[in-house]
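A quick write-up on the structure given underneath.
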Amino acid sequence: MSFKPYWVSHRLQLHRDYPQTINRLQELRDFGAWLIDQAYPESCLMCHCETEEEKLCAQCFAELSLSEQFTTRACTRCALPLHQITRLSDTESNPSKTMANRTISESKDRQQKCSSCRHKKLEWDHAESLWIYDGMVKEAIIRCKYTHNHSLAHHLGILLGKRLTRHPSFPRPNLVTHIPSHWTRRISRGGEAVHGLAQAVAQTIRVPCRRTLSLRRPIAKQAWLRKSTRSENLRNAFKPSPSLKYFGTSSVENQDVLVIDDVLTTGSTANEFCRTLKELGAKSLAVAVIARATQSTKPNAAGRNGI
C-alpha cells in the first residue's frame with residue numbers, strides 16, 4: 001500500500017472515532033470535576049460554611065443585601081439613599097417639608113440634585129451603589145482588597161452587574177474601566193482586586209473592560225485630609241495608562257464609560273478620575289460601586305481606598 005492511500009484511510013478513521021474520543025474526554029472531565037467537588041465542597045465566600053452551588057450562603061447574602069432596600073431608592077446623581085437625604089434635608093432652612101411630601105415626590109427627587117450633591121460639581125452623569133458601606137458589607141469590601149479573596153471580588157462584581165442590568169434608567173455603557181491603585185499599593189496587596197471587580201461587571205453586562213488611567217503618585221484618602229489640602233492631593237493625579245497609549249486615546253473618545261470601584265465616599269477621587277477621562281474625549285460617564293458610605297458609616301482605617 002502506498003503512503004497516500006494509507007494516510008487518507010488513517011485520517012478517515014480518526015474522523016469516525018472523533019465523536020467517541022470527545023465523549024471519553026468529557027467523561028474524564030466530569031469525573032475530575034466530581035472528584036474536586038467531593039474533596040473541596042462549595043463553601044460560602046464569607047463564613048466558609050458548606051453551600052449548594054451558591055457562592056454565598058443564605059444567611060450571609062441576606063445580611064449583605066439588607067441595605068438594598070435603601071440603595072434602590074437613592075439619588076441617581078450621587079447614589080446617596082433617600083433616607084439619608086431626608087436627614088440632611090431636616091437640617092436645612094426649610095424644615096416644614098414633611099416626610100409625606102417627600103415620599104410623594106420621591107421618583108421626581110431621584111432625578112434631581114439632592115441636598116447632598118446639589119451644590120457639588122460632579123463630572124459623572126449617573127451613580128449607582130449596590131449596598132451601604134456598613135456591617136458585613138464593610139467586612140466584605142475590606143477582604144476584596146486583597147487578591148487571595150479574588151473569588152469574592154468577582155462574585156460581588158457579578159452581583160453589581162446584575163443590579164445594573166435590572167436598573168431601567170441606568171445608562172448603557174460602551175466601555176468599563178476602574179479607578180486604579182498606585183503600583184506600590186498593588187505590590188503590598190499582591191495585586192489589584194478592583195480590576196477583577198470591574199472585569200466581572202463587564203462580563204455580566206457584556207461590555208469590554210479596559211484599564212484607562214493610572215496614578216502618577218500615591219494619593220491619600222480625601223476623607224482623612226483637611227479641606228485646604230484635598231484639592232492639592234488630587235490635582236493631576238491621573239494620567240493615561242500605558243495600555244491606553246497602546247490602543248490610542250480614540251478608544252475612549254465619544255464612548256459612554258462606566259467607572260467601577262468598591263466604595264463611594266466623598267466622590268472627590270472619582271470626580272478627578274472622570275474629569276481626566278472627559279479631557280480624553282469621553283462622551284458620558286457613570287459610576288457604579290459595591291457600597292456607598294453615608295453620614296453614619298464613615299470609612300475607618302481599613303477602608304482608606306474608597307472613592
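See the values below:
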quantity	calculated
Residue list for the stretch 161-176, restricted to those being over 13 Å from the mean Cα position of the chain (by Cα), under 16 Å from Ser129 (Cβ atoms) and either crowded, with 17+ Cβ neighbours inside 10 Å or touching a residue at least 60 places away in the same chain (Cβ under 8 Å) (or both)	Ser169, Phe170, Pro171
Residue count for the stretch 273-292, restricted to those that are without any contact (Cβ under 8 Å) to a residue 60 or more places away in the chain and either under 17 Å from Ile219 (Cβ atoms) or surrounded by fewer than 22 Cβ atoms within 10 Å (Cβ to Cβ) (or both)	3
Subset of the stretch 105-122 that is modelled with pLDDT under 75 and not in a helix (DSSP H, G or I) - its residue that is farthest from Arg292 (Cα to Cα)	Ser105
Complete set of residues in the stretch 181-222 that are more than 30 Å from Pro168 (Cβ to Cβ) and of a type in the set (D, E, K, R)	Arg185, Arg186, Arg189, Glu192, Arg216, Arg217, Lys221
Cβ-Cβ under 7 Å pairs, at least 6 apart or on other chains, the stretch 223-248 side more than 16 Å from Val259 (Cβ to Cβ) and at pLDDT below 80, far side among the small types (Gly, Ala, Ser) and surrounded by 17 or more Cβ atoms within 10 Å (Cβ to Cβ)	Arg230/Ser268
Residue list for the stretch 153-210, filter: of a type in the set (Phe, Trp, Tyr) and either part of a helix (DSSP H, G or I) or modelled with pLDDT of 90 or more (or both)	Trp183
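The values are calculated or read from the model by the stated rules, or taken from the named source; none is laboratory data. Note that the coordinates shown come from a computational prediction; the quantities given were computed from them, not determined experimentally. Cβ: placed from backbone, ideal geometry, glycine included. Neighbour counts: every protein chain shown.
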